[in-house]
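Please treat every number below as a calculation from the coordinates, not as lab data. In this text, all values refer to a predicted model and were calculated from it rather than measured experimentally. Cβ: placed from backbone, ideal geometry, glycine included. Neighbour counts: every protein chain shown.
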Amino acid sequence: MADISAKLVKDLRVKTGAGMMDCKKALIESGGDLTKATEWLRKKGIASAEKKSGRVAAEGAIGSYIHTGARVGVLLELNCETDFVARGEMFQNLLRDVAMQVAACPNVEYVSTDEIPNEVLEKEKAIEMGRDDLAGKPEEMKERIVQGRIGKRLKELALLEQPFIRDGSLTVAELVKQVAGQIGENVKVRRFTRFTLGEGIEVEKMDFADEVASISGG
């Protein structure tokens, strides 16, 4: 694998406007060649999507996905810039795919890591700092290890960070950028809700002897 320097990533970012992680991935895929990496980003639609990411996306649609057996359901709001695009097949397919992704990822609670509340961060940090395998390590080392673990944990909670279920080489964020680039509008996942059948309902369980006694009235 080619050695990808921070300067090369920065140069590609300035040239295309794509995000740092997208630029790094493009350079890795292109063997460190700046021209090929630029073409890779354009083919994926990522460069053009980034340029549109600051535009207001107030239109869109709410889609649903009900998993086989009707035990898990998802409602998801996906935004774009115009009603015309929202009615289009490409947008609607993305809406279904992302809603299906939520159903397949029961640990996901937020759209992105930016949405995760500070109290969740502090709770995760307290859990990690108290782990036995960190006992006796210098504080500075503990902090570095904990930050790495927290970063990984937060990604597990964020929808956009998940590998796309239909193509594990893409994250959901990259999928959305690709479609946005092809559509020519800013596209954003705004919010979602997952419903799991029976969730939160307490079911009273009786052992066999109690059940027999209740039936017999004894």
*List pairs: first in the range 65-90 and surrounded by fewer than 17 Cβ atoms within 10 Å (Cβ to Cβ), second of a type in the set (D, E, K, R) and not in a strand (DSSP E or B), Cβ under 8 Å, 6+ apart or cross-chain?*
T82/E185
*Tally time: how many residues in the range 163-184 are outside any helix (DSSP H, G or I) and within 19 Å of G63 (Cα to Cα)?*
3
*Counting only residues that are hydrophobic (A, V, I, L, M, F, W, C) and surrounded by 14 or more Cβ atoms within 10 Å (Cβ to Cβ), which one in the range 105-130 is nearest to L78 (Cα to Cα)?*
V111
*In the range 138-162, which residues are in a helix (DSSP H, G or I), in contact with an Asp or Glu (Cβ under 8 Å, 6 or more places away or on another chain) and closer than 13 Å to C105 by Cβ?*
K155, L157
